[in-house]
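Participant: Pasting a structure below so you can have a look.
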Amino acid sequence: MTELDSPHPAPQPSGDTLPSRYAEALRLALLAPTADARARAWDLGRDLVDAGIALPELSALHHQALAQLANEQALGPEALEAASVLFGEVVSVYELVARGYRDSNVALRRRNHELEHAKEAVEAASRELEAFSYSVSHDLRVPLHSIDGFSRALEEDNASQLDEVGRSHLKRVREATRRMAGLIDDLLRLARISREQLCDEIVDLADLSRGIIERLQKGAPSRHVELSAPDHLMARGDPRLLAVAMENLLSNAWKFTSRRAVGHLEVGLLPGTPVYFVRDDGAGFDMRHVARLFGAFVRLHTPQEFEGTGVGLATVQRIVLRHGGRIWAESAVDRGATFYFTLGS
């Protein structure tokens, strides 16, 4: 069977063959205006659209082919009607394409309108969150400062009038107010991270890590902790937020190695990958609880074991997500933990 005999010939991508194909389709439509001829016209219309033939060019192509046939034979009313049907079939493809563009444009405008409203709602929510943050900062801090201040005054001025149980209760009150103040600070810090504008710079995470460990060492000179890090560990992101993320990860590693005679911390990049890691040989955790690890105010150890508010890893995750990356962890109880993260592309 030849291409002319087949009801659905193979598409001809080249624009040079389109005039001859149109003339042949018109010739066949005049000879036998069947469903196969209409299907051929439909396929031809799709190829014309794909080739970028505009409607004025299509009209000129039709009249050129019709004139050629008229020179070869007389065309009666039925032939002209068949030619008109063929032209209509081809043009219907253009109409469908145009309708698709119109529908897509309408949908796109509707989607843009929805996104604009969503953006306004997010901005309004952000303003409300900021106002709430200031309210929390002021309304909760003031009574906390009062509780802590009067407790301290009672401890300093009336300690002799309190027995051991009373002094213990007073100590617990002061410790609770300090923990609450720390929770408020962490909550506000977590809220601010979601709103701040990101800067895009090259950051040396190794240099950051050494500075963080140096500050932690000054705060606890009796600790013995060794940090393993390359000379340079370059990353792209917001310098301030990445510093906050590394501070939280390394502070956690520092804290959970506190029961080791010598704590070992490592910062690096997995070979051949864009995956950074922070590793320690500390207390570790049970991987059955890993799904809860990055939740705000979630703690996998008791305050008696290790102090903290449970916001540090939630803050790190928020920072990593804002950079288009992801974070995950691997650990075993009493065998340390490794936190892996990426920073997008």
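The values are calculated or read from the model by the stated rules, or taken from the named source; none is laboratory data. Predicted model, so just to flag it, every value in this text is computed and none were measured. Reconstructed Cβ throughout: ideal geometry from the backbone, glycine too, with neighbour counts over all protein chains shown.
Participant: For F285, are the conditions met, namely being of a type in the set (A, V, I, L, M, F, W, C), assigned to a loop (DSSP other than H, G, I, E, B) and touching a strand residue (DSSP E or B) at 6+ places or on another chain (Cβ under 7 Å)?
Facilitator: yes
Participant: Can I ask one more? Please enumerate the residues belonging to the stretch 187-245 that are part of a strand (DSSP E or B) and within 21 Å of the chain's Cα centre (by Cα).
Facilitator: Passing the criteria: E201, I202, V203, A235, R236, G237.
Participant: Looking at the stretch 229-241 only, could you name the residues that are buried (at least 20 other Cβ atoms within 10 Å of the Cβ) and modelled with pLDDT of 95 or more?
Facilitator: A235
Participant: Within the stretch 64-71, identify whether any single residue is loosely packed, with under 12 Cβ neighbours inside 10 Å and either over 14 Å from P19 (Cα atoms) or aromatic (F, W, Y) (or both), and answer yes or no.
Facilitator: Within the stretch 64-71, one or more residues are loosely packed, with under 12 Cβ neighbours inside 10 Å and either over 14 Å from P19 (Cα atoms) or aromatic (F, W, Y) (or both).
Participant: Could we say that Y101 is surrounded by 13 or more Cβ atoms within 10 Å (Cβ to Cβ) and among the hydroxyl-bearing types (S, T, Y) here?
Facilitator: no
Participant: Still on this structure, I have one more. Out of all the residues in the stretch 64-101, which are touching a helix residue (DSSP H, G or I) at 6+ places or on another chain (Cβ under 9 Å), charged (D, E, K, R) and closer than 17 Å to G45 by Cβ?
Facilitator: The answer is E89, and nothing else.
Participant: When you scan the stretch 128-136, do you find a residue that is part of a helix (DSSP H, G or I), modelled with pLDDT of 75 or more and either at negative phi or over 49 Å from the mean Cα position of the chain (by Cα) (or both), even just one?
Facilitator: Checked the stretch 128-136: no residue is part of a helix (DSSP H, G or I), modelled with pLDDT of 75 or more and either at negative phi or over 49 Å from the mean Cα position of the chain (by Cα) (or both).
Participant: If you check D204 against the conditions, is it at pLDDT below 90, of a type in the set (D, E, K, R) and either within 23 Å of I147 (Cα to Cα) or surrounded by 14 or more Cβ atoms within 10 Å (Cβ to Cβ) (or both)?
Facilitator: The answer is no for D204.
Participant: Of the residues in the stretch 22-37, how many are at pLDDT 70 or above and either outside any helix (DSSP H, G or I) or touching a helix residue (DSSP H, G or I) at 6+ places or on another chain (Cβ under 6 Å) (or both)?
Facilitator: Total satisfying the criteria: 7.
Participant: It is to be established whether one or more residues within the stretch 208-228 are touching a His at 6+ places or on another chain (Cβ under 6 Å) and loosely packed, with under 13 Cβ neighbours inside 10 Å.
Facilitator: Yes, there is a match, as at least one residue in the stretch 208-228 is touching a His at 6+ places or on another chain (Cβ under 6 Å) and loosely packed, with under 13 Cβ neighbours inside 10 Å.
Participant: Within the stretch 256-296, which residues are of a type in the set (K, R) and buried (at least 21 other Cβ atoms within 10 Å of the Cβ)?
Facilitator: None; the set is empty.
Participant: Taking M246 as the residue in question, decide whether it is aliphatic (A, V, I, L, M), within 22 Å of L313 (Cβ to Cβ) and without any contact (Cβ under 8 Å) to a residue 60 or more places away in the chain.
Facilitator: Spelling it out, M246 is indeed aliphatic (A, V, I, L, M), within 22 Å of L313 (Cβ to Cβ) and without any contact (Cβ under 8 Å) to a residue 60 or more places away in the chain.
Participant: Just to be sure I understand the filter: pairs with C-beta atoms under 6 Å, separated by 6 or more residues or on different chains, first member in the stretch 319-334 and farther than 14 Å from A245 by Cα, second member among the β-branched types (V, I, T) and part of a strand (DSSP E or B). Which pairs pass?
Facilitator: E330/T338
Participant: So, one more: In the stretch 314-345, how many residues are more than 15 Å from A291 (Cα to Cα), out of contact with any Asp or Glu (no Cβ under 9 Å at 6 or more places or on another chain) and of a type in the set (D, E, K, R)?
Facilitator: Residues meeting the conditions: 2.
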